[in-house]
Structure formats: C-alpha cells, structure tokens
1. Pairs needed: first member in the range B:27-56, farther than 24 Å from residue B:251 by Cα; second member anywhere, part of a helix (DSSP H, G or I); C-beta distance under 7 Å; at least 6 residues apart or different chains.
2. Taking the options B:56, B:41, name whichever one is among the aliphatic types (A, V, I, L, M) and modelled with pLDDT under 95.
3. May I ask you to list the residues in the range A:89-117 that are without any contact (Cβ under 8 Å) to a residue 60 or more places away in the chain, in a helix (DSSP H, G or I) and among the small types (Gly, Ala, Ser)?
4. Name the pairs: first residue in the range B:238-264 and within 16 Å of residue B:45 (Cα to Cα), second residue modelled with pLDDT of 85 or more and assigned to a helix (DSSP H, G or I), Cβ to Cβ under 8 Å, at least 6 apart or on different chains?
5. Taking the range B:1-26, which residues are without any contact (Cβ under 8 Å) to a residue 40 or more places away in the chain and among the hydrophobic types (A, V, I, L, M, F, W, C)?
6. Regarding the range A:369-390, can at least one residue be identified that is more than 10 Å from chain B (Cβ to nearest Cβ), within 25 Å of residue B:116 (Cβ to Cβ) and in a helix (DSSP H, G or I)?
7. How many residues, within the range B:6-35, are closer than 16 Å to residue B:226 by Cβ and among the hydroxyl-bearing types (Ser, Thr, Tyr)?
8. Could you check how many residues of the range A:344-367 are free of Cβ contacts under 8 Å to residues at least 24 places away in the same chain, assigned to a helix (DSSP H, G or I) and either more than 9 Å from chain B (Cβ to nearest Cβ) or of a type outside the set (Gly, Ala, Ser) (or both)?
Amino acid sequence: MLSKTTFQELSSKYNEPDWLINERLEAFNLIEKLLLPKMQQFKYSDWPLTINDDFALEQSALKISDNSELEENKVICQDIFEASKQYPEIVQKYLNSVSHFNEDKLLAYNTAFMNNGLFLYIPDNVEIQEPIEIEIVQNSMSKSALISHIVIVVGKNSKAKFIQHLSTVGHEKNLANLVVEVQALAGSNVEFSSLDEMEENTTLYFNRRANLARDAHVEWNVAFMNDCNTVGDLASELLGEGSYAYSKAIAITTGNQKVAVNNRVINRGPHSTGLINQRGVLLEDSRLIFNGIGQIVHGAHGSKADQQNRVLMMSDTAQGDANPLLLIDENDVIAAHAASVGPVDPIQMNYLMSRGIPYAQAERMVIHGFLDPVLGAIPKGKVKDRMLAISERKLINGQRSYYKNKK
Amino acid sequence: MATLEIKNLHVEVKDEEKKVYKKILKGVNLTMHTGEIHAIMGPNGTGKSTLSETIMGNPKYRVTEGQILLNGENVLDMTVDERARKGLFLAMQYPAEVPGVTNAEFLRAAINARRPKDDPIPVMDFIKELNKNMALLDMNDSMTERYLNQGFSGGEKKRNEILQMLMIKPTFGILDEIDSGLDIDALRVVSRGVNAMRGDNFGALMITHYQRLLNYIVPDVVHVMMDGRVVKDGGPDLAKKLEQEGYAGLRDELGLDIKLVDED
C-alpha cells in the first residue's frame with residue numbers, strides 16, 4: 001500500500017477540494033480495517049481487488065453521448081472531479097450518500113482511489129426523452145486500475161433513462177472497481193441499463209445502488225456479459241412510501257469465469273414494491289451465483305416483495321446457484337419467490353425444431369427468450385445491438401465446446 | 001407427386017407417473033399423396049394425436065414397429081428439424097409459447113433454415129408474403145412483433161399455426177384438431193387458409209373429432225381410427241354417416257370388440 005503522505009501528495013496534485021481529499025483519506029484509513037463485502041456461499045478473498053504495490057492516481061475520463069436535452073433542462077453532467085470543484089455543495093451532499101465508504105473494504109477503496117467518475121444531476125420536474133449513454137472503457141494496454149464512481153440524482157417528479165456501457169481495451173491484468181449511486185427523489189422515474197463486457201484478465205467489483213424516496217420508481221436492467229471474474233452488489237433501498245423497484249439482471253458466463261451477484265431489494269417504506277428477476281446462462285466450466293435478497297423491515301406494512309432467480313445449465317461441468325432469500329420482519333406483506341436450475345425447455349425446443357430450425361439455433365432462440373426480461377427492456381440502439389451480438393457469440397462458442405465434449 | 005406412407009406403425013408412450021410404456025398405436029397403415037386431403041376421425045383416446053406427433057418426431061413417443069416413409073425415405077431415422085426441412089409440418093393442438101422470440105423473427109428463421117446459408121430470403125419478399133398471408137387469415141399486423149404464441153388466445157394460436165404453414169409451404173401438413181376451440185368465424189378463416197394451400201404440391205392430413213370442419217375443408221379420403229388402428233376408409237360421406245350414427249354404431253357394424261374411452 002501507498003504510504004499516507006504519498007497518498008496525500010497524489011491526491012492534492014489534482015487540485016481536489018479539501019473535503020474530497022479528507023474523505024479520501026478517511027476512506028484510505030479504513031481499507032485495512034474493513035472486511036470484504038459478504039457474498040452468500042462464495043469465497044473471493046484471494047482475488048486482486050485491492051492493489052498492494054504502488055500505482056499512480058491517473059485520472060481517466062468517461063464519455064457521455066451528445067444530448068441537447070441535458071443543456072436545455074439545466075442538467076449537470078460532468079466529470080466527477082470537475083463537478084466537485086464547480087458544484088462542491090451538491091457533490092459533497094450526494095457523493096457517498098447512497099453507498100457509504102465505511103461499509104466495507106471495497107467501497108472504502110473506491111473512495112480512496114477513485115480515478116474516474118461522473119456526476120449527473122437532473123433538476124425537479126424534468127423529463128429527459130432520450131436515454132443518456134455513459135461509456136466507460138478501461139485502458140488495459142498497461143497496468144492501471146479503473147476505479148469509477150458515478151453519482152446520479154434524479155429530481156422530484158423527473159424522469160430519465162441511463163445506459164451504461166462498460167468495456168476494456170488491452171489484456172493487462174487489472175482490477176476494476178465500479179460504484180454507481182442513484183438518488184431517486186420523490187415521484188421520480190429512473191431506468192438504469194448496463195452492458196458490462198470487461199475483458200477476461202480483469203477482476204471486477206461493482207456496487208450499484210439506488211435510494212428511492214416516496215413514490216419513486218427505479219428499474220435496473222443489468223447485463224453481465226463480462227469475460228472476467230466478477231463480484232458485486234445490486235441494491236435498491238425502498239425508503240419512501242409507495243416506492244417501486246424492479247431489479248433485473250442477466251448473465252452469460254463462460255470459460256473458467258466466476259461470477260457472484262447479490263441482487264437486493266429492501267422494503268423500508270410502507271406500501272413499497274420490490275421485485276427481483278435474475279436469469280443466468282452457464283457455459284463451459286464457469287460458476288455463477290445469483291443471490292436474490294428480498295428484505296422487508298418492520299414498519300413496511302402493505303409492502304410486496306417478489307423474486308425469480310433462474311439459471312440455465314449449458315454444460316455438465318458448470319456450477320450454478322440461484323438462491324432466493326426472503327427476510328421478512330413485518331406481518332402485513334405479500335412475498336413470493338421462485339428459483340430454478342435446469343436445462344432448456346424441451347417443449348419449446350421441439351416446437352421450434354418442428355419448423356425446421358436446427359437444434360443449436362433453436363437452443364439459442366430459447367435462451368434468448370429466457371434472457372428477455374433484460375434484453376427486451378434495454379432501449380433500442382447501439383448498446384442493445386452490441387448486447388445481442390455478444391450474447392449470440394458467447395452462446396455459439398459455448399455450444400461449440402459443449403457439443404465437442406459430448407462427442 | 002410426393003408420397004407419405006405409414007406402414008404397420010406401432011407406438012408407445014411413457015406414462016410419467018407409473019414409469020411404464022403404454023401401447024397406443026397398434027399397426028397403423030395409411031398412404032397419402034400430394035394433391036389429396038385426408039381426414040382422420042375417431043373417438044377420444046384412439047391414438048390420432050399420437051400418430052401426428054410420431055410422424056413429426058416428438059421424442060415423447062417411441063416407435064416399436066413399422067415404418068414412416070416420405071418418398072421412400074425412412075423418416076424415423078431423421079431428427080425433428082430434418083423431417084420439417086424434408087417437407088413435413090405439424091399444426092399443433094397446443095403450440096408452445098416462446099417469449100423473447102418474435103413471430104416474424106421465428107418465421108424468418110424457419111424459412112431460412114430451408115435455404116442455403118448464403119441465400120436468406122430477401123426482407124422485402126418476406127414482408128410481402130407475410131402481409132399477404134396475414135390478410136388471408138384476418139390477422140392483425142401487431143401479431144408479427146408479438147412474442148411467439150405468448151399470451152395468444154386459443155383462436156390466435158390456431159391462426160398462427162396456419163400462418164406458419166402458409167409461409168413455410170410444406171409438402172405435407174398435418175393438422176391436429178385445428179378446429180378445437182374455434183368459433184364459426186375463426187373456423188371459416190382457418191379453413192380458408194388451408195384451402196388456399198390445396199393443389200398438386202400439397203397434401204394434408206386433418207385430425208378431427210367433428211364432421212363440421214369437413215364442411216369447410218372437404219376431404220378426398222376419410223379414415224376412421226379406433227383403438228390404435230385405422231378401421232375404415234371412405235369418402236366424405238363416411239364422415240357424415242359417423243356424425244349421425246356415432247362411433248359406437250360403426251364399431252358394432254364392424255363387429256369390433258373395443259371399449260370406447262368415454263363409454264361406461
């Protein structure tokens with residue numbers, strides 16, 4: 001680890017405001033003390049998610065799609081380091097307001113070494129029509145960690161869609177630590193989609209979390225199409241009465257990849273609704289764990305929690321788990337869960353094949369349908385096309401090795 | 001002219017509860033050619049659907065004896081998709097729902113599966129053909145972008161089966177109770193679709209309980225099945241006679257010792 005003084009020097013080199021430097025220092029001091037986030041039935045303590053040797057605090061930029069609507073509606077959309085200088089009060093108010101750097105080792109690490117980020121603030125009563133695209137590319141041509149932090153605030157009764165696209169250039173063994181915080185203020189409507197396709201030598205930790213105020217509505221559509229080991233937490237805190245979160249995630253895992261995802265929705269406000277839908281497809285020797293965690297705390301009466309965790313096995317050597325967990329501390333609620341681990345549906349297969357479609361293609365069509373809760377919800381455009389192309393490619397490769405081994 | 005021959009076909013199906021195989025077909029013989037429409041009638045539980053599923057190759061059914069030949073080629077050695085590409089089509093009684101795959105996407109995949117890899121159907125040709133056939137079946141445009149059979153009503157599913165047949169243009173279409181659950185208007189529309197296929201290059205095998213369908217699609221040959229065998233062949237008049245006398249009447253006339261399923 002860097003020494004404290006070097007850290008301080010590096011940090012001030014970028015003219016960051018004092019409050020940010022102090023937060024970084026505070027976080028830095030916690031890294032050694034805090035534990036890794038807990039993942040049910042998954043061990044990853046040997047993964048290189050915090051770096052022990054020196055590295056420069058190189059700041060890299062991310063790209064936002066051109067969108068004239070943003071300016072028209074006085075949306076703040078800026079590099080997080082720029083924003084912390086220009087709008088120190090608001091950035092200080094919202095940075096680490098949803099996830100907190102004192103929760104675990106990896107969140108502390110993120111705040112201490114953050115080198116990439118975005119601050120997006122949508123004022124009250126604004127409706128953005130076009131999805132806002134956020135492009136993050138990790139440069140792995142050389143040794144450098146990507147430590148990204150995105151803060152999104154959607155004002156009261158405002159509405160916006162976001163699409164994040166996460167990818168890598170180069171093949172260096174690097175870590176990526178990705179935090180997204182969403183503050184959905186009262187009556188707001190937020191859709192956050194993401195296509196993650198990090199290269200296989202990366203080790204990825206993510207933490208995407210939303211706080212929902214009264215009557216806020218948040219929908220997550222996350223596609224884990226990475227080739228790398230991945231661990232992380234997708235969470236929605238239903239704080240306000242009548243808030244609604246629908247947390248959807250899909251994954252296709254290949255090779256020796258290990259992926260563990262906690263998908264959590266916590267009902268705190270009364271009459272809140274928390275839905276989870278996770279779909280995973282396992283190929284080759286990969287391992288995938290989908291933990292669905294629905295928690296209803298005492299006082300959240302009239303709430304609803306429902307979850308589905310489904311895993312499709314396309315290999316005899318892959319290992320998949322779909323674990324539903326319901327933690328309920330309130331009587332007046334509706335809660336349900338469904339989980340399944342299995343092969344493709346033979347009735348659907350027979351139907352498609354009876355029209356002349358060959359087995360392998362029919363199988364990909366059925367899988368495509370299985371992944372539809374997320375694939376179908378991603379707004380049309382470049383990122384969606386890319387996502388469909390990646391899933392098709394992964395499935396073709398996976399089928400090839402599966403049927404080769406069968407013979 | 002193409003020929004579909006079923007010779008001494010014996011089929012059994014696994015009883016999932018008891019884990020034993022149950023004999024359903026006990027020696028079916030039937031020959032049909034393109035240019036002909038055949039109807040198979042028969043009481044419940046007699047093996048009509050088993051016959052159609054077996055011709056198409058549903059893995060649930062096991063052939064223990066006999067042959068199915070398409071232009072002299074043994075169909076039983078082929079996988080389901082091979083049979084389809086060779087020209088067989090089964091309009092199913094209970095079509096599967098496949099979410100995430102649109103009707104149009106599915107139809108295009110089915111058509112292209114029959115063409116060389118480097119020569120898929122041109123998009124405009126496909127759309128033209130699709131619009132023509134949907135108009136024939138009084139189908140709403142929105143059906144093309146809806147997911148395959150998902151949330152379709154019973155009538156919509158049947159129309160969709162006929163739409164697929166019109167698009168794929170098989171040599172032999174097997175229609176398994178295409179009339180069940182249809183009101184008169186829908187029955188008329190579905191029949192219009194089947195009649196549009198009539199011609200020298202198409203043959204159909206229709207499975208039905210009721211003579212009513214045969215007023216709309218007049219068959220050339222009627223076969224009556226009982227207890228896993230074809231017990232009588234005839235023309236359209238045979239169907240009318242059955243409608244009047246019932247299956248029990250024919251059974252007694254033929255002196256068969258068969259207990260009908262719904263008889264106490």
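1. Final answer for the pair search is B:56/B:80; B:56/B:83.
2. After applying the criteria, what remains is B:41.
3. Scanning the range A:89-117 gives no hits.
4. B:258/B:251; B:260/B:247; B:260/B:248; B:260/B:251; B:263/B:248
5. The one that is without any contact (Cβ under 8 Å) to a residue 40 or more places away in the chain and among the hydrophobic types (A, V, I, L, M, F, W, C): B:20.
6. Yes: one or more hits.
7. Qualifying residue count for the region: 0.
8. Of the residues in the range A:344-367, 12 are free of Cβ contacts under 8 Å to residues at least 24 places away in the same chain, assigned to a helix (DSSP H, G or I) and either more than 9 Å from chain B (Cβ to nearest Cβ) or of a type outside the set (Gly, Ala, Ser) (or both).
The values are calculated or read from the model by the stated rules, or taken from the named source; none is laboratory data. A quick note: this is a predicted structure, and the numbers were derived from the prediction, not measured. Note that each Cβ is placed from the backbone with ideal geometry, even for glycine, and that neighbours are counted across all protein chains shown.
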